[in-house]
């Protein structure tokens, strides 16, 4: 094989390798990766709602509590309480005529103030207040704070 034939054979192999490299990079870019769902879309987390009552981190919250109040973000209106791995179902409700105290002040004064209600809470239990994230986020909820009952 002369020098010209060897050079042509080497060029063909180099072009084949470059094509395989480009195809591999293209497939990796299209696979989504990271925090994506089955559709391959990416998760865009909204600004978190703000837990106002009980104030996040509160302890000795009465287990007779039947309302949580938060400043909404205009996007996440599904709020759930979690007691360890147990979900406590919530229902939107009207704000109490007299707001409970102590209550945090909303960091965004224009945010809607929303109340949710639920069944009786357990004594001496930690609760995590979580809001729904849009599809295709995984996990599907994020915490906006928590409290401990007395």
Residue 73 versus (1) modelled with pLDDT of 85 or more; (2) surrounded by 13 or more Cβ atoms within 10 Å (Cβ to Cβ); (3) not assigned by TED's automatic domain parsing to the domain that holds residue 128: which is the lone unmet condition? (3)
Any chance segment 70-93 includes a residue that's out of contact with any helix residue (DSSP H, G or I) (no Cβ under 8 Å at 6 or more places or on another chain), over 30 Å from residue 42 (Cβ atoms) and without any contact (Cβ under 8 Å) to a residue 12 or more places away in the chain? yes
Filter segment 96-150 down to the residues that are farther than 23 Å from residue 43 by Cα and at pLDDT below 90 and list them by number. 119, 120
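If we scan segment 36-46, do we find a residue that is in a strand (DSSP E or B) and either at pLDDT 90 or above or touching a strand residue (DSSP E or B) at 6+ places or on another chain (Cβ under 7 Å) (or both)? Can you show your working first?
As a first pass, look at segment 36-46 and keep what is in a strand (DSSP E or B): 36, 42.
Retained after the next criterion (residues that are either at pLDDT 90 or above or touching a strand residue (DSSP E or B) at 6+ places or on another chain (Cβ under 7 Å) (or both)): 36, 42.
Yes, because at least one residue in segment 36-46 is in a strand (DSSP E or B) and either at pLDDT 90 or above or touching a strand residue (DSSP E or B) at 6+ places or on another chain (Cβ under 7 Å) (or both).
The values are calculated or read from the model by the stated rules, or taken from the named source; none is laboratory data. Treat the numbers as computed from the prediction; the structure is a model and nothing was measured. Virtual Cβ from ideal backbone geometry, glycine too; neighbours counted across all protein chains shown.
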